[in-house]
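Structure, as structure tokens:
Derivation of every value follows stated rules applied to the coordinates shown; laboratory data play no part. Just so you know, these numbers come straight off a predicted model, no measurement behind them. Quick reminder, even Gly has a Cβ in these numbers, built from the backbone with ideal geometry, and neighbours come from all protein chains shown.
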Amino acid sequence: MARFDPGGADRFPLEVKERPVALPIQIEKRFAALGWSVADVEEAFVRGTGPGGQKINKTSSTVWLRHRPTGIEVRCQRERSQAANRELAWLTLGDRLEERARGLARASVEAAEAERRRTRQKSRGQKRRMVEGKRRDAQRKSGRGRVSDW
């Protein structure tokens, strides 16, 4: 059992343990579909905080997960049971990883679309309006004359 403190001196030391019970198959399949390995996730059970009295303060029912490659952290203390919190934490982590993957895909599509708009040919009307505007600016500037030395 390894001990470390990811947050600081004000937090309880976390106990990192080997996975006590195998994860549900659907969670493992979901991670595989996303292209991530379950082994990339650090799992720890820590003491909870907040209301709940002795049960929360004395048991390590809060589940803390960190996905090492992305740095995404999830902490779940919604239920009194460690097993329920563990499943909820894994589901939340899966949701966040999916959201991140969708965001990266969307950013890639948006960048390609912006590049396409930037490099496409202008229509005849756009070219005509651009040339007219340049001629107007040139005529206005030509009336200014040269700046003389004082």
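Here's the list of lysines a cross-link from residue 141 could span, going by alpha-carbon distance under 28 Å and ignoring same-chain residues fewer than 8 apart: 122, 127.
Amide H contacts under 5 Å for residue 61: 48, restricted to partners 5 or more places along the chain or on a different chain, H placed in the peptide plane at 1.01 Å from N.
Each residue, residue 99 and residue 136, gets one label point 7 Å from its Cα in the Cβ direction; the gap between the two is 4.7 nm. By the rule of a C-alpha distance below 28 Å, with chain neighbours fewer than 8 residues away ignored, the lysines paired with residue 55 are 17.
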